[in-house]
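Single-structure report; data block below.
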Amino acid sequence: MSWLETLRAAAEAVRAHRLRSVLTMLGIVIGISSVILTVGLGQGAQDQVRQQISALGSNLLIISPGSSTDSSGLRGGFGSASTLTLRDATAIADETVVPDASEVAPTTSTSASLEAGETNWTSSVVGTTTSWLDVRTRELSAGRFFSAAEVEQAADVVVLGPDTAGELFARGSPVGQTVTVDGTPMTVIGVLTSSGASASGTSEDDLAVVPISTAKRLTGTASSSVSTIYVEAASADTLTAAYQEINALLLALHGVSADEADFSISTQDSLVETANSTNETLTVLLAGIAAISLLVGGIGVMNIMLVSVTERIREIGLRKALGATPSVIRHQFLVEASLLGFTGGLVGVLVGVVGAQLLPAIIDQPVSVSLVATLGAIGTA
C-alpha cells in the first residue's frame, strides 16, 4: 500500500467521523492558540516596558544629590541634600572634559498652585534649561519651548504638560493664555505631548516647565543648587564611558573620594534588566500553562485514536485478511493522527494570529506575535 493510498484512506476515515475529528482537533487548536497568545502577551509587555523606559530619555544618565544629615545625626536618603549645582552641570556640558556627553539638563522641582481664570490646579513646576526637551525626548503638541535668551532673562513663560493644560483649559488652546503660578502671571508658550507614567509610577504629563532662572525667582532661592542633572550620552555605546567621565569630574569638583561621594548616578540599564527579568518570568509561567493545555490536547488525540482502533477491529481484521501487514495498518492510523494534529495546528495558529489582532482592543494590553513563538507552538504540536 503506497503512501498516497495510506493518506487517502486516512482522509476518508477523518471525513467519515466528522464530529469526532472536530472534537479531537479542538484540543490542539486551543493549545496552539493559547501558546501563541500567552507568549505574545509576555512579549507585548516587554515591548511596552521598553517604550516607557525609552520615553524617559535616550541613553540617559540621572545624577541625584547625596544624602543629608540633620543635627541629631539622622541621615536622609539619596536626593535629600543640596550637593549638585549649576556649576556641576556647566562642567559636564564642557565637551573637552566630558566628550561622551551630548546634552545636559539641570532641573529643579517644586509643587505650586496654578490658576487660569477661575480654575486652579496644583502641579509640579520644573525649572530647567533649553536642552531639557531633547534630553528627556519630549515633543510639543502646540506652541514652542523657551529659548536661551528667556532662560537668561528669567522670562515669565511656561510650557504645560497635557494633563495640566487639560485641567486648566477645558476649551480652546492654552498657547498664548495666562497662567498664574504661585501669584506670578506667566504666558503659556507651549504644550507637551503625552508621555505617560515614569518608572516610579508618577505622571510625566502633569507638570509645568519654566526656565530654571524663573523657577529660582518663584521659590525665592538665590543658591545655584539643582535637584537633578539629566545627561544624554552621545550613543548607547558611550554610555559607560560618559558615566565614568562624569563620576570622576564630580568627585574632583566636590573634593571627595569615591567612598565619600555626595551624589549618585543611575542609568536605565538596571531598570530595563529588572523589568525584562520580571516579564520573562511571567512569560515562562504563562507559556507553561499554555503548554499544559497543549499536552492535554495531545493526550486527547491519543485517547481518541485508541478508541478509534478499538472501534475498528473488524476493519483491521478485514485488511489483514486481504494481505495488509501490521506495519501498513499502523502507518494508516499514524497518518490519520498526524493529519488531525497538523490540521488542528494550522487552525490553532490562525486563531492565535487573529486573536493577537483583536485581543489588545479588548484587554487594553499589547500582544506581540513573533515568528519564533508561532513556529515553537507548531513544533510542540
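The values are calculated or read from the model by the stated rules, or taken from the named source; none is laboratory data. Predicted model, so just to flag it, every value in this text is computed and none were measured. Cβ: placed from backbone, ideal geometry, glycine included. Neighbour counts: every protein chain shown. With ligands, DNA and RNA removed, areas are computed over all heavy atoms of the protein, side chains included. Shrake-Rupley method; radii C 1.70, N 1.55, O 1.52, S 1.80 Å.
Here are the numbers for the structure shown:
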read-out: Identity of the residue in segment 210-269, assigned to a helix (DSSP H, G or I) and under 15 Å from Thr107 (Cα atoms), that ends up most open to solvent (accessible area, probe 1.4 Å); value: Arg217
read-out: Residues of segment 125-137 that turn out to be out of contact with any Ser or Thr (no Cβ under 6 Å at 6 or more places or on another chain) and either charged (D, E, K, R) or open to solvent by less than 40 Å² (accessible area, probe 1.4 Å) (or both), as a count; value: 7
read-out: Which numbered condition Leu56 misses (of (1) at pLDDT below 75; (2) open to solvent by less than 50 Å² (accessible area, probe 1.4 Å); (3) assigned to a helix (DSSP H, G or I)); value: (3)
read-out: Number of the exception - Met186 against (1) surrounded by fewer than 18 Cβ atoms within 10 Å (Cβ to Cβ); (2) at pLDDT 95 or above; (3) under 17 Å from Ser124 (Cβ atoms); value: (1)
read-out: Complete set of residues in segment 80-123 that are surrounded by fewer than 16 Cβ atoms within 10 Å (Cβ to Cβ) and closer than 30 Å to Ser173 by Cβ; value: Ser109, Thr110, Ser111, Ser113, Gly117, Glu118, Thr119, Asn120, Thr122
read-out: Yes/no for Asp47 being acidic (Asp, Glu), in contact with a helix residue (DSSP H, G or I) (Cβ under 7 Å, 6 or more places away or on another chain) and either modelled with pLDDT of 75 or more or open to solvent by less than 70 Å² (accessible area, probe 1.4 Å) (or both); value: no
read-out: Only listed residue being closer than 27 Å to Leu4 by Cα and modelled with pLDDT under 75, chosen from Ala381, Ala291, Ala324, Ala377; value: Ala381
read-out: Selection within segment 301-328 - open to solvent by less than 30 Å² (accessible area, probe 1.4 Å), in a helix (DSSP H, G or I) and not β-branched (Val, Ile, Thr); value: Met305, Ser308
read-out: Close pairs from segment 125-141: first touching a residue at least 12 places away in the same chain (Cβ under 8 Å) and hydroxyl-bearing (Ser, Thr, Tyr), partner surrounded by fewer than 17 Cβ atoms within 10 Å (Cβ to Cβ) and part of a helix (DSSP H, G or I), Cβ under 9 Å, at least 6 apart; value: Thr129/Ala148; Thr130/Ala148; Thr137/Ser54
read-out: Unique match (being out of contact with any Lys or Arg (no Cβ under 6 Å at 6 or more places or on another chain), under 25 Å from Glu260 (Cα atoms) and modelled with pLDDT under 80) among Leu74, Leu7; value: Leu74
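Residues are listed down the side, and each one gets a yes or a no for (1) within 30 Å of Leu295 (Cβ to Cβ); (2) at pLDDT below 90:
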position	(1), (2)
Met25	yes, yes
Ile28	yes, yes
Leu60	no, yes
Asp70	no, yes
Ala116	no, no
Ser131	no, no
